[in-house]
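A.B. asks: Right, I'll just put the structure down here and ask away after.
The values are calculated or read from the model by the stated rules, or taken from the named source; none is laboratory data. It should be emphasised that the depicted structure is a prediction, and the values quoted were computed from it without experimental measurement. Cβ placement follows ideal geometry from the backbone for every residue including glycine, while neighbour counts extend to all protein chains displayed.
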Amino acid sequence: MGGSGRPGQETLHKAKEVVLDEFRRFVIAAAYIFILLGLFTVHEEIALRTHAGESQAIPFAPHGFALINALVLGKVALVVEKLELGRRVKPEPLIYPIVLEALILAALFIAMHYAEAIVGGWIHGESLAKSVPMIGGGGVAGLLFAGVSFFVAMLPFCGFRQITLAIGWPRMREILFGPSRRSGPAA
């Protein structure tokens, strides 16, 4: 009877590990996307100031939207990984799943940006035509530029994730930060 509590504790410990791993991966994804969106926001503001000839402080509201979008898109990135949308692609060489995942994420992120703007417009009583955002300055060229920019920006993120999946987090951690010092100092 003394061992009956042990399986439940092991299950609880394993569940905690899974939750912590998912949370860690979410925080990494959201942080990367927030930095990316924040840089895009700053770049847009600088470009607008350059063309408008005005020198004014960059408003913080777009960074708040960038944070909210990063949290949502970070979760989307994890869902894309879990759905294994590219599972039919040969896993080796790794460049194939990296490029496919970056393409899928770029397309989903742009689609979510459109959906967010359209729903926001609908809530505020705007017509569909007024709600559709002008991504990249508008038109096909602007949309293509934004899509390619986001695709290229997602390549390192997807590369890191795919390499980590291929070799495992312990090995990736050792490559990035050196061998674990838990075993004590080397003699």
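A.B. asks: Can S149 be described as in contact with a helix residue (DSSP H, G or I) (Cβ under 9 Å, 6 or more places away or on another chain) and not in a helix (DSSP H, G or I)? Full working, then the answer.
C.D. replies: Values: in contact with a helix residue (DSSP H, G or I) (Cβ under 9 Å, 6 or more places away or on another chain): yes; not in a helix (DSSP H, G or I): no.
Criteria not met by S149.
A.B. asks: So for the range 126-141 (the condition being in contact with a Leu (Cβ under 9 Å, 6 or more places away or on another chain), at pLDDT 75 or above and surrounded by 12 or more Cβ atoms within 10 Å (Cβ to Cβ)), does at least one residue qualify?
C.D. replies: There is no residue in the range 126-141 that is in contact with a Leu (Cβ under 9 Å, 6 or more places away or on another chain), at pLDDT 75 or above and surrounded by 12 or more Cβ atoms within 10 Å (Cβ to Cβ).
A.B. asks: Shifting gears a bit: For the range 19-31, how many residues meet the condition of being among the hydrophobic types (A, V, I, L, M, F, W, C) and under 13 Å from W169 (Cβ atoms)?
C.D. replies: Step one: filter the range 19-31 for residues among the hydrophobic types (A, V, I, L, M, F, W, C), giving 19-20, 23, 26-31.
Next cut, under 13 Å from W169 (Cβ atoms) only: 20, 28.
Number of matching residues: 2.
A.B. asks: In this structure, does G159 turn out to be surrounded by 12 or more Cβ atoms within 10 Å (Cβ to Cβ), in a helix (DSSP H, G or I) and over 19 Å from the mean Cα position of the chain (by Cα)? Step through it out loud before you land on a result.
C.D. replies: On the way: surrounded by 12 or more Cβ atoms within 10 Å (Cβ to Cβ): yes; in a helix (DSSP H, G or I): yes; over 19 Å from the mean Cα position of the chain (by Cα): no.
It is false that G159 is surrounded by 12 or more Cβ atoms within 10 Å (Cβ to Cβ), in a helix (DSSP H, G or I) and over 19 Å from the mean Cα position of the chain (by Cα).
A.B. asks: Tell me yes or no: at least one residue of the range 166-173 is surrounded by 14 or more Cβ atoms within 10 Å (Cβ to Cβ) and modelled with pLDDT of 85 or more.
C.D. replies: Going through the range 166-173, the residues surrounded by 14 or more Cβ atoms within 10 Å (Cβ to Cβ) turn out to be 172.
Cutting the leftovers down to modelled with pLDDT of 85 or more gives us 172.
There is at least one residue in the range 166-173 that is surrounded by 14 or more Cβ atoms within 10 Å (Cβ to Cβ) and modelled with pLDDT of 85 or more.
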